[in-house]
Each structure stands twice: as C-alpha cells, then as structure tokens.
Amino acid sequence: MTKLLIDGIEVDVPADFTVLQACEAAGAEIPRFCFHERLSIAGNCRMCLVEVKGGPPKPQASCAIGVRDLRPGPNGEPPVVMTKSPMVKKAREGVMEFLLLNHPLDCPICDQGGECDLQDQAMAYGVDSSRFAENKRAVEEKYIGPLVKTAMNRCIHCTRCVRFTTEVAGGTDLGAIGRGEDMEITTYLEQAMTSELQGNVIDLCPVGALTSKPYAFHARPWELAKTESIDVMDAVGSAIRVDSRGTEVMRIMPRTNDAVNEEWISDKTRFIWDGLKSQRLDRPYIRKDGRLQPASWAEALAVVAGKLKAAPAERIGALAGDLAAVEEMYALKALMTSLGVASIDSRTDGAALDPSVGRAGYTLGCGIAAIEEADAILLIGTNPRLEASLVNTRIRKRWRMGGVTIGVIGEKADLTYDYNYLGAGPDSLAELVRTYESVKAKKPLVIVGQGALARSDGAAVLSMAAQFASQIGAVREDWNGFGVLHTAASRVGALDLGFVPGPGGKDAAAMLQPGAMDVLYLLGVDEVEVPAGAFVIYQGTHGDRGAHRADVILPGATYTEKYGTYVNTEGRVQMTTRAVFPPGDAKEDWAIIRALSAQIGQTLPFDSAAELRKALYAAHPHFARIGAITAGDIAGVGTLAARGGKPGKAPFASPVTAYYQTNPIARASAVMAECQSLADGRTRQAAE
C-alpha cells in the first residue's frame with residue numbers, strides 16, 4: 001500500500017493505482033472524458049488534471065500517472081496531490097474551453113441531452129463564455145451501420161469507442177484518421193460495423209457523437225420510467241435497465257454486474273425493443289373453418305379444457321420454449337401432472353441434458369467471472385461469439401491477459417481471439433481423450449455447447465467431454481472446470497424444475513413425430529415444426545411459427561411485462577421486473593395456466609404470484625436465492641463420464657445460424673431484420 005495526502009486527506013491505496021483512482025478513494029471528484037475503468041489509458045482529454053506538490057510546475061493528468069511514480073517530500077512525507085487548487089481550476093477551465101471550441105453546441109436537438117458528460121462537466125468546470133471567434137470545424141457524417149447514429153461534429157476525440165472495439169469487442173471496426181484538427185473517427189471505408197457488441201459505444205461516448213439510431217428523437221431521458229431487469233435474449237442473463245414511457249418500451253440499457261456482463265450488453269439485447277410491440281398477440285384466437293378467429297378468454301379456455309379432458313393422458317404432450325419463465329413452467333408441469341401426463345419436455349432442440357445427474361452436469365460450473373482464472377480453455381461444439389457474446393468477451397479478456405491456451409473443436413469461426421483449431425467433430429475429441437496427458441494446466445476449463453449436444457449422439461459427446469475434464473483435473477473441490485454453454489434463457493431453470501419426460505413419457509423429438517400426440521401444449525415454443533394431426537394449443541406473445549400452426553392461441557406476456565424467474569447458464573437465479581403491462585387482453589402466463597386448471601377441474605393450489613412462488617420455493621429452495629448460484633455436486637460430472645456411448649462422425653455445428661433472428665421477439669424486430677440482412681450480405685460476400 002502507498003500513503004498519499006489528497007486535499008489534506010491521508011489515504012492508503014494499492015501501489016498499482018493511478019492518481020485518479022487514489023483521488024476517488026479519498027472522495028475527491030475528478031472529471032474525465034477519455035478515462036474508463038475497463039479500457040486502456042489514453043490520457044488525451046486532459047480533463048482529469050491535478051496538481052502534484054513537488055512535481056513539475058504544471059498540472060498532471062491523473063489518469064496517466066501511477067501513485068508509485070509520485071515523489072515523497074524532502075523528509076519522506078507522503079506525496080501531496082491537490083484537486084481544487086487555483087492551478088487545477090484554471091487548467092480545467094482552459095481544457096473545457098478548448099473542448100467546446102469546435103463543438104456545435106446543439107444540445108436542444110441532441111439525443112444525448114440530459115445524460116451528456118460534456119453538458120454536466122461544462123456546467124461544473126467550465127466558464128460562461130468563450131474567447132474564440134474563429135469558425136468551427138465541420139466533419140462529414142459517417143455511415144457505420146443501422147444501429148449507431150453519428151454526429152461527428154460533436155466528437156472530442158476521446159477514443160473510447162476505438163479502444164472498446166479494439167480491446168473488448170475484438171474488431172477493427174473503428175479507428176482514427178488524420179491528425180490534430182483534421183482527426184476523424186471513422187470505419188475507414190464507411191461501412192457498417194460488424195461487431196455484435198457495437199451498441200456499447202453509445203454508452204461510452206461522453207458527448208452526442210455516437211447515439212442510438214433506432215431510438216433517435218423518440219424520447220428524452222427525464223420522460224422515461226427506468227426499471228431494473230435482466231435479459232433473456234441468450235442464456236447469459238445480462239443485467240439491463242428497461243426504459244419505458246406509458247405502455248411502451250422505448251429503449252434497453254445495460255446495468256453493471258461484474259459477475260455476469262460487467263457493463264456491456266449485446267446488440268440483440270439492446271435493440272430488441274421494437275420487436276416487443278410488433279406482431280403481438282393481444283387477444284385469444286380459435287381456429288374455425290381453417291381460419292383463426294378472435295375469441296373471448298372464456299371461449300378459448302373452454303375449448304382447451306375440453307380437448308385436454310377428452311384426450312388420453314398418454315396422447316397429451318407439453319413443451320416449454322426458450323423464453324419461458326420458471327413460474328409458468330412450474331404451473332404447466334403441475335397442471336400436466338394433475339392430468340397424469342408424463343410427456344413434457346423443455347429440450348425442444350433435442351439437447352442431451354439429464355437433470356438427474358445434478359446441476360454440475362448442465363451448468364457452467366466455474367461461473368462466468370471465473371473464466372478469467374482459467375489457464376487452458378477447450379470449446380466443444382460452440383461458437384460463443386454468437387451464442388453468448390458476453391461469455392466470449394470474458395474469454396477474450398482472459399486471452400488478452402496472456403498465459404492461457406484456447407482450443408476449439410467444432411466450427412472454425414472468428415472468435416475475436418487466437419485459438420488452436422483441434423478438429424471439427426467427435427473424432428478430434430476422442431483423440432484428446434486418448435492423449436490427455438499432454439494437457440498441463442492448473443485450472444483447465446471445458447465448455448460444451450449446444451452444437452455438440454443437440455444431436456442424436458449428444459449424450460455420448462457429453463460423456464466424452466466429461467471424461468476428458470475428469471482426466472485433466474478440471475473437476476475438483478476447489479475448481480469445477482466443466483460446463484455447458486446454453487443458448488436458451490429458460491433451459492437451466494426448466495432442468496432445475498425437472499421439466500423433462502416422466503416415467504413412460506415421450507421427449508420432444510418423439511412428441512413431434514406425425515401421429516404421436518392428439519394434443520400438444522406449446523408454452524412459447526416457436527423453434528420446432530409441429531406435424532399435422534395434433535390439436536395445438538399455443539401460449540405465447542408473437543404471431544410467429546407456433547401461432548401459425550396453432551388451433552387455439554392464448555396471448556401471454558414478454559419478459560418486460562412480468563415478474564419472472566430465470567436461471568442463466570452458470571446457474572445464477574435472477575428475476576425480470578415488469579416495466580409495462582401486456583397489450584390488450586394478454587395475461588401473465590402463470591395466470592393463464594391457473595385459469596385453465598380451474599376450467600378443467602384440476603385447480604392449482606395458488607391464486608397469486610406470491611402463492612405460486614411460495615410453493616415453488618418449498619419444492620425447489622434454490623429458486624428463492626435471487627442473484628446467487630447454488631453449486632451442483634461435482635460427482636455428477638463423474639456420472640456423466642461413466643455413461644459412455646458411441647459418438648458419430650458428423651462435425652459439430654453451432655445452432656445459431658442467424659444471430660439476429662433467434663427468437664420470436666427478434667424476428668418481429670425491424671432493426672434486427674436489417675442487421676440480419678447486412679450479416680447475410682457479408683456472408684455471401686465472403687463466400688464469393
């Protein structure tokens with residue numbers, strides 16, 4: 001620790017702190033534009049100037065000097081730093097004057113207005129007039145894609161966006177050309193940015209140079225109600241803030257959660273909001289004479305109840321989709337159990353995951369944050385850049401630290417970091433199992449993706465991966481380096497509930513065979529092809545594939561319209577918060593199932609969400625620990641390893657082929673459709 005005297009306050013800080021961090025530890029407020037805790041130090045805005053006693057007779061950039069570089073007093077006194085001296089005040093006023101020299105001062109028409117660092121710091125540290133009368137410089141607007149709107153006249157060249165795309169996102173989308181007054185931030189050839197994390201530059205930009213293009217001129221920040229929630233576009237469970245006005249979600253912003261997403265979110269998470277209101281199901285429908293006709297809730301529930309009571313239990317099946325919350329899955333399972341139905345399943349993609357082995361067999365054992373501790377990482381049948389973008393940034397962060405070996409078995413894709421390509425399929429994994437002695441690592445990590453599990457030999461592949469993890473010492477009391485990377489937000493919660501076939505029940509693949517079922521209950525299931533013949537009940541939010549095939553539609557609520565429990569890929573229990581109410585006659589999903597149970601004569605024992613959760617927590621206590629991870633017994637990995645099986649020869653392929661179109665909300669979004677069109681164009685261009 002190093003002792004400092006900051007504005008008369010003595011503090012002890014770590015020797016690797018910068019002076020800026022030391023000042024903040026002492027409670028001093030240091031303005032900054034270019035400095036960001038998660039990016040490299042640029043030291044080019046000069047707003048964080050402080051005075052160092054005994055140093056050069058000029059202000060110092062506090063972000064760019066470490067406390068270990070400060071000189072003590074002549075008699076060994078602690079170094080003295082002043083943040084409020086006349087020299088500092090004059091220096092900051094001068095810097096602010098220069099920053100505003102070329103700024104267009106167009107706050108009334110700027111989307112950053114109300115949450116702009118430049119506005120705030122100009123008020124706090126600036127002066128009331130400028131001494132410059134010269135013409136302001138003009139910069140041409142840039143096209144950098146459908147997500148980020150540019151107004152480069154406002155740019156102050158802090159380079160946060162450039163450093164983010166280079167260091168965190170792992171691309172070369174943005175850079176600087178020219179020098180001095182002619183410097184410009186650009187994509188060089190004025191093409192769309194390619195990163196799936198590009199929207200984060202909007203939050204990083206301290207002025208209005210980079211703003212959200214879909215959100216442009218929609219609302220001001222003080223008009224919006226802000227609701228803290230979590231994301232369900234993938235299985236990471238990123239912390240988000242839903243900003244709404246009236247009955248409409250206006251934008252989605254990230255929240256800081258160092259254990260999960262740090263302070264970043266993917267573009268699909270950020271820009272999905274227009275899909276929340278498009279193609280919505282807002283009333284029940286019943287198919288009559290081959291056409292879906294609007295109906296009342298009483299009519300729709302009566303038809304569904306009649307079909308469920310008339311069909312034999314063995315001819316009824318229930319499937320849970322990728323966006324379903326734990327509450328409605330628990331209610332649906334309870335309803336099906338009361339009817340004697342054993343054919344229920346949440347693994348609609350056919351993934352070979354068995355909850356009977358315990359959580360260690362289907363979660364990311366070490367957790368997302370602990371990826372930074374691994375010294376050897378093996379990715380099997382997964383493309384984390386598309387399947388879990390924030391997990392990919394963690395792996396890249398670990399790679400940038402150095403001292404890690406990354407291997408990939410599966411698709412040879414651009415993952416934004418260097419890796420050793422070990423092969424395409426099970427044969428390569430089998431070779432690793434045979435030569436496991438060559439792997440020397442203290443904290444190895446084996447991540448198995450859905451591309452290796454959602455296939456006929458998925459159980460054998462999972463067993464072989466567990467065997468390899470056990471062989472190399474990845475699974476032990478102090479470190480569980482075996483994990484599954486999920487793509488569906490509902491999957492871990494469903495497996496925790498045991499939403500899988502009971503004794504004598506059929507799995508998803510068997511239920512979807514022609515003639516297998518008389519009645520199919522689809523809880524938000526849109527990613528499967530339902531054969532003709534079965535009576536289909538679809539409970540969901542959008543007019544997507546499931547609704548098109550349905551005989552009865554029961555409109556439900558999206559994740560921004562309900563309080564719902566989700567469990568992310570590492571097993572962390574989290575909860576969404578209702579920001580707006582469902583449109584029209586749509587209801588919360590658990591309430592629909594509760595009303596249906598009364599119609600059938602098998603009334604479920606809860607009348608409110610609180611009563612439902614009380615029953616849920618009694619049956620599965622770990623769901624009550626919101627924000628916490630309940631670790632699975634590592635013996636389950638050994639059980640998986642012992643199962644064996646004969647894997648096939650087919651190469652692994654990622655289940656995510658269209659990143660921006662993976663669920664009904666995304667497919668309803670015009671913004672996501674434009675992004676997918678650009679991505680498809682790049683793919684075609686690369687193939688040519």
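Going by the conditions given, is residue 356 within 35 Å of the chain's Cα centre (by Cα), open to solvent by 10 Å² or more (accessible area, probe 1.4 Å) and without any contact (Cβ under 8 Å) to a residue 24 or more places away in the chain? In short, yes. Taking residues in the stretch 464-488 that are free of Cβ contacts under 8 Å to residues at least 40 places away in the same chain and more than 19 Å from residue 395 (Cβ to Cβ), and partners anywhere that are open to solvent by 10 Å² or more (accessible area, probe 1.4 Å) and aromatic (Phe, Trp, Tyr), the pairs with Cβ atoms closer than 8 Å and at least 6 places apart or on different chains are 471/436. Here the stretch 466-523 is the region considered, the condition is being charged (D, E, K, R) and within 21 Å of residue 640 (Cβ to Cβ), and the residue that is surrounded by the most Cβ atoms within 10 Å (Cβ to Cβ) is 491.
Within the stretch 220-232, is there a residue that is at pLDDT 95 or above, touching a Pro at 6+ places or on another chain (Cβ under 6 Å) and not hydroxyl-bearing (Ser, Thr, Tyr)? No, the stretch 220-232 contains no residue that is at pLDDT 95 or above, touching a Pro at 6+ places or on another chain (Cβ under 6 Å) and not hydroxyl-bearing (Ser, Thr, Tyr). Answer yes or no as to whether residue 484 is outside any loop (DSSP other than H, G, I, E, B) and closer than 28 Å to residue 364 by Cβ. Answer is yes for this residue. Looking at residue 589, is it under 26 Å from the mean Cα position of the chain (by Cα), of a type outside the set (Lys, Arg) and modelled with pLDDT of 95 or more? Here the answer is yes, as residue 589 does meet what is asked. Mind listing just one residue for me: the one in the stretch 266-297 that is more than 28 Å from residue 215 (Cα to Cα) and of a type in the set (Phe, Trp, Tyr) and, of those, surrounded by the fewest Cβ atoms within 10 Å (Cβ to Cβ)? That would be 297. Comparison of 120, 128 shows that the only residue that is more than 16 Å from residue 158 (Cα to Cα) and at pLDDT 90 or above is 120. A single member of 144, 109 is at pLDDT 90 or above, open to solvent by 50 Å² or more (accessible area, probe 1.4 Å) and under 28 Å from residue 177 (Cβ atoms), and it is 109. Restricting the stretch 547-584 to residues that are of a type outside the set (S, T, N, Q) and within 16 Å of the chain's Cα centre (by Cα) leaves a set whose member that is nearest to residue 287 (Cα to Cα) is 559. When the stretch 288-305 is filtered for residues that are farther than 30 Å from residue 672 by Cα, at pLDDT 95 or above and not hydroxyl-bearing (Ser, Thr, Tyr), the ones remaining, listed by number, are 295, 297, 298, 299, 300, 301, 302, 303, 304, 305.
Yes or no, residue by residue, for (1) among the acidic types (Asp, Glu); (2) over 29 Å from the mean Cα position of the chain (by Cα); (3) surrounded by fewer than 24 Cβ atoms within 10 Å (Cβ to Cβ):
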{"site": "385", "(1), (2), (3)": "no, no, no"}
{"site": "396", "(1), (2), (3)": "no, no, yes"}
{"site": "399", "(1), (2), (3)": "no, no, yes"}
{"site": "410", "(1), (2), (3)": "no, no, no"}
{"site": "416", "(1), (2), (3)": "no, no, yes"}
{"site": "430", "(1), (2), (3)": "no, yes, yes"}
{"site": "450", "(1), (2), (3)": "no, no, no"}
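Scanning the stretch 566-595 for residues that are surrounded by fewer than 23 Cβ atoms within 10 Å (Cβ to Cβ) and either among the hydroxyl-bearing types (Ser, Thr, Tyr) or on the phi > 0 side of the Ramachandran plot (or both) gives 577, 584. Here is the figure for the stretch 470-507: residues that are more than 27 Å from the chain's Cα centre (by Cα) and of a type outside the set (Val, Ile, Thr) total 13. Within the stretch 240-258, residues that are free of Cβ contacts under 8 Å to residues at least 24 places away in the same chain and closer than 10 Å to residue 579 by Cβ sit with their Cβ atoms under 6 Å from residues that are aromatic (Phe, Trp, Tyr) and surrounded by 20 or more Cβ atoms within 10 Å (Cβ to Cβ), at 6+ positions apart or across chains, in these pairs: 252/273. Only one of the listed residues (133, 138, 124) is open to solvent by 60 Å² or more (accessible area, probe 1.4 Å) and within 22 Å of residue 19 (Cα to Cα). That residue is 124.
Do we have residue 525 as within 30 Å of residue 622 (Cα to Cα) and in contact (Cβ under 8 Å) with a residue 40 or more places away in the chain here? For residue 525, the condition - within 30 Å of residue 622 (Cα to Cα) and in contact (Cβ under 8 Å) with a residue 40 or more places away in the chain - is met.
Testing residue 78 on (1) under 30 Å from residue 256 (Cβ atoms); (2) outside any strand (DSSP E or B), one condition comes back false. Which one is that? Evaluating residue 78 over (1) under 30 Å from residue 256 (Cβ atoms); (2) outside any strand (DSSP E or B) leaves (1) as the failure. Consider the stretch 645-671 and keep the residues that are open to solvent by less than 30 Å² (accessible area, probe 1.4 Å) and not aliphatic (A, V, I, L, M). The one that is nearest to residue 363 (Cα to Cα) is 654. Within the stretch 199-239, the set of residues being among the acidic types (Asp, Glu) and crowded, with 24+ Cβ neighbours inside 10 Å comprises 231, 234. Just one of the listed residues (81, 95) is surrounded by 14 or more Cβ atoms within 10 Å (Cβ to Cβ) and either among the small types (Gly, Ala, Ser) or in contact with a Ser or Thr (Cβ under 9 Å, 6 or more places away or on another chain) (or both), namely 81. Residues that are assigned to a loop (DSSP other than H, G, I, E, B), closer than 19 Å to residue 6 by Cβ, open to solvent by less than 20 Å² (accessible area, probe 1.4 Å) and in contact (Cβ under 8 Å) with a residue 40 or more places away in the chain within the stretch 32-73 comprise 47, 62, 63, listed in sequence order. At least 2 residues being in contact with a Phe, Trp or Tyr (Cβ under 8 Å, 6 or more places away or on another chain) and either within 29 Å of residue 260 (Cβ to Cβ) or not basic (Lys, Arg) (or both) is the threshold, and among the strands (runs of 3 or more DSSP E) wholly inside the stretch 388-450 those reaching it are 405-409, 444-449. With respect to the conditions (1) outside any loop (DSSP other than H, G, I, E, B); (2) touching a strand residue (DSSP E or B) at 6+ places or on another chain (Cβ under 9 Å), residue 89 falls short on a single one, namely (2). The residue of the stretch 299-322 that is nearest to the chain's Cα centre (by Cα), among those that are surrounded by 19 or more Cβ atoms within 10 Å (Cβ to Cβ) and not in a helix (DSSP H, G or I), is 322. If I filter the stretch 623-644 for residues that are open to solvent by 20 Å² or more (accessible area, probe 1.4 Å) and on the phi > 0 side of the Ramachandran plot, do I get at least one hit? Among the residues of the stretch 623-644, at least one is open to solvent by 20 Å² or more (accessible area, probe 1.4 Å) and on the phi > 0 side of the Ramachandran plot, which makes the answer yes.
The values are calculated or read from the model by the stated rules, or taken from the named source; none is laboratory data. The structure presented is a predicted model; accordingly, all values stated were derived computationally and were not measured. Neighbour counts run over all protein chains shown; Cβ positions are idealised from the backbone, glycine included. Only protein heavy atoms, including side chains, enter the accessible area calculation; ligands, DNA and RNA are left aside. Shrake-Rupley method; radii C 1.70, N 1.55, O 1.52, S 1.80 Å.
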